[in-house]
1. Using alpha carbons only, how many angstrom separate the centre of the range 39-107 from the centre of the range 108-148?
2. Quick one: work out Rg over Rh on the C-alpha atoms of the range 5-178, Rh as Kirkwood radius.
3. Filter the GluC sites (Glu not before Pro) in the range 57-152 to those in DSSP coil with at most 13 other Cβ atoms within 10 Å of their Cβ, and list the result.
4. To the nearest 0.05, how large is the calculated FRET efficiency for Asp96 and Glu172 if R₀ is 25 Å and r is the Cβ-Cβ distance?
5. What distance in nm separates the two pseudo spin-label positions at Glu123 and Glu82, each 7 Å out from Cα along the beta-carbon direction?
6. Within the range 84-139, list the trypsin sites (Lys or Arg not before Pro) lying in a DSSP loop whose Cβ has at most 11 other Cβ atoms in a 10 Å radius.
7. Quick check: residue separation of Glu60 and Gln153 times 0.36 nm, minus the Cα distance between them. What number comes out in nm?
Amino acid sequence: MATKAKTKANRSAERKSNRAQAVNRKKDQQQVNAFDLLEQDHREVEEWFDEYDELKDSDENRKAELARNICLALKVHAQLEEEIFYPRAREATKDDDLIDESLVEHATVKNLISEIEEMEAGEELYDAKIRVLGEMVKHHIREEEEELFPELQSAKMDLDEIGKELAQHKEELMSEMSA
């Protein structure tokens, strides 16, 4: 379902504000905790999806570039969550339902990413697949930030240590996957 321009602008401004707050928290702490790192990733891909939505049909080069950025960022982000964050979250909360649902959403997102990566910008259904991916990812982000993160806030997790581990592994994955 298409979103009105005013709503998109408001959401974009809110994400930029949230991103700035996360960056400020990072500076204050001199290291990023797990929530901050994951939220920074969320804001980045949301901004790319919004930019994609605003492009004209004729801007295929920029669409292709944004799609590559989105797909790479989501693959790295999903792997970080699956290998590091979710196992620790499952252990801390014992909330298997929320984690299991997130893993199913990741699988669906990864399938769609594979389809997109096999296509060229301008092909039939390319834009539709990017938009559906965006809707799925934004839904997933809302659930994480509004349900999982608050639940983990009260759990016994060392968010700073997990954040450090996520940041390290992210750097490695970005090098591997973008080569």
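1. 8
2. Values: Rg = 16.3 Å, Rh = 16.9 Å.
So for the range 5-178, dividing Rg by the Kirkwood Rh gives 0.97.
3. On the way: sites: Glu60, Glu65, Glu81, Glu82, Glu83, Glu91, Glu101, Glu105, Glu115, Glu117, Glu118, Glu120, Glu123, Glu124, Glu135, Glu143, Glu144, Glu145, Glu146, Glu147, Glu151; in loops: Glu118, Glu120, Glu123, Glu124.
Within the range 57-152, the qualifying GluC sites (Glu not before Pro) (loop, at most 13 other Cβ atoms within 10 Å) are Glu118, Glu120, Glu123, Glu124.
4. Values: r = 28 Å, r/R0 = 1.14.
Working from the Cβ atoms, E equals 0.30.
5. Roughly 2.2 nm, to one decimal.
6. Details: sites: Arg88, Arg90, Lys94, Lys110, Lys129, Arg131, Lys138; in loops: Lys94.
Passing sites in the range 84-139 are Lys94.
7. Fully extending the segment from Glu60 to Gln153 adds 29.3 nm.
Read-outs throughout are calculated quantities, based only on the coordinates presented, and are distinct from any laboratory measurement. This one's a predicted model, so the numbers in the text were calculated from it and none came from an experiment. Every residue, glycine among them, receives a Cβ derived from its backbone with ideal geometry; neighbour counts consider all protein chains shown.
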